[in-house]
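To start, the structure under review is shown below, and the notes come after it.
The values are calculated or read from the model by the stated rules, or taken from the named source; none is laboratory data. Here the structure is a predicted model, which means the values were calculated and not measured. With ideal geometry, Cβ positions are generated from the backbone for all residues, glycine too; neighbour counts draw on all protein chains shown.
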Amino acid sequence: MTLDEAQVAKIRTLIAEIIEVEEDQIGSQTRFEDLGADSLRAIEIMAELEKTFGVSIHQDRLAEMTTLQGVCAVMQASLSEGVKTCDVTAS
């Protein structure tokens, strides 16, 4: 499964809110660490993604979630595994 534009936008918004930066600062390859995020913020991002999208993300995948592109890859894998369906309207 490939994420659509609305899903990627929702992920970017969620990350921006958690690490307290403007959305336009988050490019596909921008490392969250370079924006001031630490490991606790990474865990918050993972937990919020699980809650918002209704997926289960294994802790081992956290190391892959250092950029928007990495987060999207993990999300695609989680959604493809059919853990749960994605709802971009969830808040």
Residue check: is I43 surrounded by fewer than 18 Cβ atoms within 10 Å (Cβ to Cβ) and in a helix (DSSP H, G or I)?
-> yes
Within region 46-57, restricting to residues that are in contact with a Ser or Thr (Cβ under 9 Å, 6 or more places away or on another chain) and free of Cβ contacts under 8 Å to residues at least 24 places away in the same chain, the one that is surrounded by the most Cβ atoms within 10 Å (Cβ to Cβ) is I57
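The rows are residues; the columns are (1) among the aliphatic types (A, V, I, L, M); (2) modelled with pLDDT of 95 or more; (3) under 21 Å from A77 (Cβ atoms).
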site	(1), (2), (3)
E20	no, yes, no
E23	no, yes, no
E44	no, yes, yes
E50	no, no, yes
V55	yes, no, yes
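Condition first: in a helix (DSSP H, G or I), among the hydrophobic types (A, V, I, L, M, F, W, C), surrounded by 16 or more Cβ atoms within 10 Å (Cβ to Cβ) and in contact (Cβ under 8 Å) with a residue 12 or more places away in the chain. Now tell me which residues in region 6-32 satisfy that. Explain how you work it out, then say what you get.
Kept after step one, since they are in a helix (DSSP H, G or I), are these residues of region 6-32: 6-19, 23-25, 32.
With among the hydrophobic types (A, V, I, L, M, F, W, C) added as a condition, the list becomes 6, 8-9, 11, 14-16, 18-19, 32.
Okay, now just the ones that are also surrounded by 16 or more Cβ atoms within 10 Å (Cβ to Cβ), so 8, 11, 14-16, 18-19, 32.
Hits for region 6-32 are V8, I11, L14, I15, I18, I19, F32.
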Of the residues that make up region 77-85, is at least one modelled with pLDDT of 95 or more, surrounded by 14 or more Cβ atoms within 10 Å (Cβ to Cβ), out of contact with any helix residue (DSSP H, G or I) (no Cβ under 6 Å at 6 or more places or on another chain) and not small (G, A, S)?
-> no
